[in-house]
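Asks: Mind looking over this structure? Questions follow.
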Amino acid sequence: MQQIALFFCAFGKKVVILQAEKENTMKQTPKNTLISKPNTLRKYIIFSLFLLLMAATATGCDKEKPLEATGGRGNILKVEELKTLPLSDVKKYAGDTLDKDNKFLLYGIKCYRLTYTTIYENEPIATTALMLLPDNDTVKQRLCVYMHGTNVPVEPVSAAQKMPSNYFKHNQKGGEVAVCAIPLASNGFSVVMPDYIGYGDTKDKEHPFVYYPELHFANIDALRAMCHHLQLSGKQDVWLGGYSQGGGAALSLHYYIQTDYSSEFNVISSSCLSGPYNYVGQIEGVLRENINIPAALVSWSAYVLNRFAVHRNPDQIYSFTVTDQTSAIMNFQGGIWDLFRPYFVEGILSGEDTEWIAASEKNSFHKGWKPTGKVFLHHGTADTVVPYFNTTDAYNGLTQAGGDITVFTYEGKEHTNVTVPYIRNTLDVWNK
């Protein structure tokens, strides 16, 4: 039907002409047939075309267009029910290791795709999220925003498939949806998992990779959209979780809720895994040659900081040609410490580049504020993507500010093999 609809969208006028020619030909058929009557035939053709064109409007022409952002931030534009997972299927997704003692997975879940409004560079935009709800009407509402790790947009097919809202569409197994989000919902949390800007319907936009002053808008507005769907009113308690980029997103959203959205939400706890909380320290560590992490991620994060905050010509920063986020990720050849121009490096290390340093500090959440509620930081000591000092610095800085901070250290664990112990420990402390 969709192919027919698209055909009429593009070639509707031509079809009318062809049908008219067919009518002239059919006039030669015997008079005792329906199509021998010109008036009847004309009405039949017009009515058929009308039905097909109406179907095209509903299922073809408009379906390919992203929904326009209307209404205020967090306004729901569309809710699509994806599937219902009984508890037996939930356990298949989560795996035996996570719930080996049968205390975390309690309910089946209902899975939805939310399309909602947010802002990007101060302009309204429509984006998407996965919403997972416990399939039990007696469960007390506990709201959770879970923010996923990085999807690299230079792999458009892979990145599209890894979007949380596309997870069930592509019949995926494993990953953060299965190991983290599904168990949270099965335990009784109403979970929303934003896709972030830069993927799916917003793939024409550059993703604000680990730049939380921009990234957090889509996250807070996904929470608002879930509240609208659940028909909740008044100030709501919320729990925040996330891994890698999402770990930083969780801690930063904790901060932004306190400073900008405290009339709407109260953070009970944030549980953050392997996040770049001390962005300014991480970039300085690279420039001082104290740490060696993936050059593509360093280059991409610097491009995004410049793109959204500093606004310089990339030629003033990079030792190679950079025109967009893809070239910042893909074009560099060499060692990590050769990414940037020497005078750019010297300006940061000497403290003279106050503009860049100020933007980096604004994107760092490891100190200078006292979290309400509890903060749980999780990290593997052998992490070579987001160094462990991010968690040490956040613990020291936030504790000094008076926060209630707990660290879960995973000895010898790397960046990619920590999600199962993370979610087990998270559910343990959140259920106490």
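The values are calculated or read from the model by the stated rules, or taken from the named source; none is laboratory data. The model shown is predicted, which means the values in this text are computed figures rather than measured ones. Cβ atoms come from the backbone with ideal geometry, glycine included; neighbour counts cover every protein chain shown. Accessible surface is based on the protein model in full, side chains and every heavy atom, while ligands, DNA and RNA are left aside. Shrake-Rupley method; radii C 1.70, N 1.55, O 1.52, S 1.80 Å.
Asks: For residues that are more than 14 Å from Y167 (Cβ to Cβ) and outside any helix (DSSP H, G or I), tally how many sit in the stretch 82-95.
Replies: Total meeting the criteria: 3.
Asks: Okay, next question. Count, please, the residues in the stretch 134-146 that happen to be surrounded by 23 or more Cβ atoms within 10 Å (Cβ to Cβ) and within 20 Å of the chain's Cα centre (by Cα). Full working, then the answer.
Replies: Step one: list which residues in the stretch 134-146 are surrounded by 23 or more Cβ atoms within 10 Å (Cβ to Cβ), which gives 134, 144-146.
From the residues that got through so far, the ones that are within 20 Å of the chain's Cα centre (by Cα) too are 144-146.
Here the count works out to 3.
Asks: So which residues in the stretch 388-432 are part of a helix (DSSP H, G or I), acidic (D, E) and either touching a Lys or Arg at 6+ places or on another chain (Cβ under 8 Å) or open to solvent by less than 20 Å² (accessible area, probe 1.4 Å) (or both), if there are any at all?
Replies: Within the stretch 388-432, just D393 meets the criteria.
Asks: Still on this structure: Can you spot a residue in the stretch 210-224 that is open to solvent by 20 Å² or more (accessible area, probe 1.4 Å), closer than 19 Å to E121 by Cα, hydrophobic (A, V, I, L, M, F, W, C) and out of contact with any Asp or Glu (no Cβ under 9 Å at 6 or more places or on another chain)?
Replies: yes
Asks: Out of all the residues in the stretch 181-190, is one or more out of contact with any strand residue (DSSP E or B) (no Cβ under 6 Å at 6 or more places or on another chain), within 26 Å of V386 (Cα to Cα) and buried (at least 19 other Cβ atoms within 10 Å of the Cβ)?
Replies: Among the residues of the stretch 181-190, at least one is out of contact with any strand residue (DSSP E or B) (no Cβ under 6 Å at 6 or more places or on another chain), within 26 Å of V386 (Cα to Cα) and buried (at least 19 other Cβ atoms within 10 Å of the Cβ), which makes the answer yes.
Asks: Taking the conditions exactly as written (in a strand (DSSP E or B) and under 21 Å from the mean Cα position of the chain (by Cα)), does G242 satisfy them or not? Lay out the reasoning, then the answer.
Replies: Numbers: in a strand (DSSP E or B): yes; under 21 Å from the mean Cα position of the chain (by Cα): yes.
Against the criterion (in a strand (DSSP E or B) and under 21 Å from the mean Cα position of the chain (by Cα)), G242 qualifies.
Asks: Just name the residue that is surrounded by the most Cβ atoms within 10 Å (Cβ to Cβ) out of those in the stretch 63-117 that are touching a strand residue (DSSP E or B) at 6+ places or on another chain (Cβ under 7 Å) and among the acidic types (D, E).
Replies: Filtering the stretch 63-117 for residues that are touching a strand residue (DSSP E or B) at 6+ places or on another chain (Cβ under 7 Å) and among the acidic types (D, E), the one surrounded by the most Cβ atoms within 10 Å (Cβ to Cβ) comes out as E80.
Asks: Quick one: S270 ticks every box in (1) touching an Asp or Glu at 6+ places or on another chain (Cβ under 9 Å); (2) in a strand (DSSP E or B); (3) open to solvent by less than 10 Å² (accessible area, probe 1.4 Å); (4) not hydrophobic (A, V, I, L, M, F, W, C) except a single one, so which number is it?
Replies: So S270 meets the others, but not (1).
Asks: Let me ask something additional. Right, Y107: of a type outside the set (D, E, K, R) and either within 15 Å of the chain's Cα centre (by Cα) or not in a loop (DSSP other than H, G, I, E, B) (or both) or not? Walk me through it before giving the result.
Replies: Values: of a type outside the set (D, E, K, R): yes; either within 15 Å of the chain's Cα centre (by Cα) or not in a loop (DSSP other than H, G, I, E, B) (or both): no.
No: the conditions fail for Y107.
Asks: Sticking with this one: Inside the stretch 328-349, can you point out the residues that are open to solvent by less than 30 Å² (accessible area, probe 1.4 Å) and in contact (Cβ under 8 Å) with a residue 60 or more places away in the chain?
Replies: Result: I329, I348.
Asks: Looking at the structure I just gave you, is G149 open to solvent by less than 10 Å² (accessible area, probe 1.4 Å), touching a Lys or Arg at 6+ places or on another chain (Cβ under 6 Å) and not in a strand (DSSP E or B)? Don't jump to the end; show me each part of the working.
Replies: Values: open to solvent by less than 10 Å² (accessible area, probe 1.4 Å): yes; touching a Lys or Arg at 6+ places or on another chain (Cβ under 6 Å): no; not in a strand (DSSP E or B): yes.
Taking the combined requirement at face value, the residue does not satisfy it.
Asks: Of the residues L114, L143, which is touching a residue at least 40 places away in the same chain (Cβ under 8 Å), more than 30 Å from D324 (Cβ to Cβ) and either among the aliphatic types (A, V, I, L, M) or part of a loop (DSSP other than H, G, I, E, B) (or both)? Steps first, answer last, please.
Replies: On the way: L114 fails: more than 30 Å from D324 (Cβ to Cβ).
The match here is L143.
Asks: While we're here: Being hydroxyl-bearing (S, T, Y), without any contact (Cβ under 8 Å) to a residue 60 or more places away in the chain and either in contact with an Asp or Glu (Cβ under 7 Å, 6 or more places away or on another chain) or surrounded by 14 or more Cβ atoms within 10 Å (Cβ to Cβ) (or both) is the filter here, so list the residues in the stretch 232-264 that pass it.
Replies: Selection gives Y256, Y261.
Asks: If we only count helices (runs of 4 or more DSSP H) wholly inside the stretch 285-387, which ones have 1 or more residues that are more than 29 Å from the chain's Cα centre (by Cα) and hydroxyl-bearing (S, T, Y)? Working first, answer last.
Replies: On the way: elements: 295-305, 325-330, 342-350, 354-362.
Ranges flagged: 342-350, 354-362.
Asks: Let me ask something else about it. Restricting to the stretch 119-159, what's the tally of residues that are touching a helix residue (DSSP H, G or I) at 6+ places or on another chain (Cβ under 6 Å) and modelled with pLDDT under 90?
Replies: 2
For (1) modelled with pLDDT under 95; (2) among the β-branched types (V, I, T), each residue gets a yes or a no:
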position	(1), (2)
G281	no, no
V286	no, yes
V298	no, yes
Y303	no, no
N306	no, no
R312	no, no
V322	no, yes
S327	no, no
I336	yes, yes
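Asks: Being out of contact with any strand residue (DSSP E or B) (no Cβ under 7 Å at 6 or more places or on another chain) and closer than 13 Å to E80 by Cβ is the filter; apply it to the stretch 163-179 and report the residue that is least open to solvent (accessible area, probe 1.4 Å).
Replies: N166
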